[in-house]
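The values are calculated or read from the model by the stated rules, or taken from the named source; none is laboratory data. Everything numeric in this text was worked out from a predicted model, so none of it was measured. Backbone-built Cβ (ideal geometry, glycine too); neighbour counts: all protein chains shown. Note: areas computed on protein heavy atoms with side chains; ligands, DNA, RNA excluded. Shrake-Rupley method; radii C 1.70, N 1.55, O 1.52, S 1.80 Å.
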Amino acid sequence: MHGRDPAVGRRAFVVGAGAALINGGVQPAHAAQDLESAVVEGPLPGFHPALRDELDFPLAWDRSGVRDFRSWRRIARAKVEETLLVEADGDGTPYDPEFSDRHETPYCTRELVTLALTRYEPVRGALLTPHGPGPFPAVLLLHDHGGRFDIGKEKLVRPWYDDTRLASAQAWADRYFSGRFVGDELARRGYVVLALDALGWADRGPLAYDQQQALASNLYNLGSSLAGLMAREDVRAARFLAGLDRVDRRRVAAVGFSMGAYRAWQTAALSDDIAAAASVCWMTGLKEMMVPGNNTLRGQSSYYMLHPGLARHLDFPDVASIAAPRPMLFFHGAQDPLFPAEGVRVAHEKLRAVWRSRRAGERLHTRIWPDLGHVFTAPMQDDVFSWLDAVL
């Protein structure tokens, strides 16, 4: 076969023979060429442009035909929730929080909290509470992916409880966050902070990179969804945080970087407990992202952000727009290789159109940092912190 997969050769023979029978025993001259292009770079199906062109996102606010925005929000949110495949916690599973490893700093009290976000397993998180009488504004801080699974919440909150994880966490902070722990910085500014592990990270792992696709497949086989589970857990975490006595429930924000940014705007779209959201380095148009060479085409990590069938109805910025007209921030680095500039531009235009339609254009803050890539640097953090102070 001279380097070709024998299985592919057999498939070509069988399909070619069938085509020959259909065409009176004559196989079209272009058939072999078409078969060779069945899967192309990515890997994408050779007909991927046709699939992409069919996506017109008919449930988007400006295309749905629904004139009342509140009605549209209900319809759009219901469609997103349908594609999660994971039902909302209708039985009201109690959180049953257990607190441990309490540690005092000059600016806050640190403690670990173990709670039930679903009826299936407990989840451990880091909870920081500023000193003072409260109630305080609060931030649900959502960690990134990054292909690094030994740390999750520790990427954002300094792990005072584990020296081994501290070394990994500090290296991560140095690489992406100018050496800072974003959660600790927020606590210094007077915010209650909650950071929890998503499935596969830290106390809920660690997962290996090449196991992600199997994990997602196994959840699908069990009638569930990896991305849907993460979405439901984040919404439940927002409700838990807003319900703490130490928190002013009207002043709860979701903040995240990379996959955490996706989680932040998604949680704002699906939860009424989130008053504002700041998303750093995850917003794009789907069609502009689905191009050869993009990281999404590798599978694996993309399963954490894949809701089957959703793209037949809504684009990413359409989902984020469910949170309108609440305050939202979207930052991007112009040198970010994960998000093509055209996708970011398209997404920002869609978002701005929705917020303007609500006469709330000033509540949407978008910025592209020309010299930065996929990072959340100290200057970016300071801008986010100042924005939170202003909108909460």
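A few points about this structure:
- Single match in Asp96, Asp91 (criterion: at pLDDT 95 or above, open to solvent by 40 Å² or more (accessible area, probe 1.4 Å) and in a loop (DSSP other than H, G, I, E, B)): Asp96
- Checking each residue in segment 202-239 for being under 16 Å from Phe149 (Cβ atoms) and in a loop (DSSP other than H, G, I, E, B) picks out Gly205, Pro206, Leu207, Ala208.
- Checking each residue in segment 257-295 for being part of a helix (DSSP H, G or I), surrounded by 24 or more Cβ atoms within 10 Å (Cβ to Cβ) and in contact with a Gly (Cβ under 8 Å, 6 or more places away or on another chain) picks out Tyr262, Arg263, Ala264.
- Arg204 modelled with pLDDT of 95 or more and within 19 Å of the chain's Cα centre (by Cα): yes
- Test: Arg124 is part of a strand (DSSP E or B), within 19 Å of Val235 (Cβ to Cβ), in contact with a Lys or Arg (Cβ under 9 Å, 6 or more places away or on another chain) and open to solvent by 20 Å² or more (accessible area, probe 1.4 Å): yes
- Flag if Arg312 is under 27 Å from Pro137 (Cβ atoms) and of a type in the set (Lys, Arg): no
- Residue-level check: of (1) surrounded by 21 or more Cβ atoms within 10 Å (Cβ to Cβ); (2) assigned to a loop (DSSP other than H, G, I, E, B); (3) basic (Lys, Arg), Arg326 misses just (1).
- Number of residues in segment 147-197 that are assigned to a helix (DSSP H, G or I), of a type in the set (Lys, Arg), under 26 Å from Gln212 (Cα atoms) and open to solvent by 10 Å² or more (accessible area, probe 1.4 Å) equals 2.
- Contact map, segment 240-256: first residue under 24 Å from Asp383 (Cα atoms) and assigned to a strand (DSSP E or B), second residue of a type in the set (Phe, Trp, Tyr) and open to solvent by less than 10 Å² (accessible area, probe 1.4 Å), Cβ cut-off under 8 Å, separation 6 or more or different chains; pairs are Ala254/Trp265; Gly256/Tyr262.
- Output for segment 128-144, where each listed residue is closer than 21 Å to Trp265 by Cα and open to solvent by less than 10 Å² (accessible area, probe 1.4 Å): Ala138, Val139, Leu140, Leu141, Leu142, His143, Asp144
- Check on Arg367, outside any strand (DSSP E or B) and either on the phi > 0 side of the Ramachandran plot or among the basic types (Lys, Arg) (or both): no
- Residue within segment 374-390 that is closer than 29 Å to Arg74 by Cα, open to solvent by 60 Å² or more (accessible area, probe 1.4 Å) and either in contact with a strand residue (DSSP E or B) (Cβ under 8 Å, 6 or more places away or on another chain) or not in a helix (DSSP H, G or I) (or both) present: no
- Test result for Ala378, small (Gly, Ala, Ser), under 26 Å from Leu186 (Cα atoms) and either in contact with a helix residue (DSSP H, G or I) (Cβ under 7 Å, 6 or more places away or on another chain) or touching a residue at least 60 places away in the same chain (Cβ under 8 Å) (or both): yes
- For the residues Gly24, Gly3, Gly42, Gly65, the requirement of being part of a loop (DSSP other than H, G, I, E, B), exposed (fewer than 13 other Cβ atoms within 10 Å of the Cβ) and at pLDDT 50 or above singles out Gly65.
- Test for Ala311: is it out of contact with any Cys (no Cβ under 9 Å at 6 or more places or on another chain), at pLDDT 95 or above and surrounded by 23 or more Cβ atoms within 10 Å (Cβ to Cβ): no
- One residue alone among Val247, Val235 is open to solvent by less than 30 Å² (accessible area, probe 1.4 Å) and of a type in the set (A, V, I, L, M), and that residue is Val247.
- Of the residues in segment 223-230, at least one is surrounded by fewer than 19 Cβ atoms within 10 Å (Cβ to Cβ) and either of a type outside the set (Ser, Thr, Tyr) or under 30 Å from His131 (Cα atoms) (or both).
- Test for Tyr303: is it surrounded by fewer than 20 Cβ atoms within 10 Å (Cβ to Cβ), modelled with pLDDT of 95 or more and hydroxyl-bearing (Ser, Thr, Tyr): yes
- Test: residue in segment 345-357 that is in a loop (DSSP other than H, G, I, E, B), touching a helix residue (DSSP H, G or I) at 6+ places or on another chain (Cβ under 9 Å) and surrounded by 15 or more Cβ atoms within 10 Å (Cβ to Cβ): no
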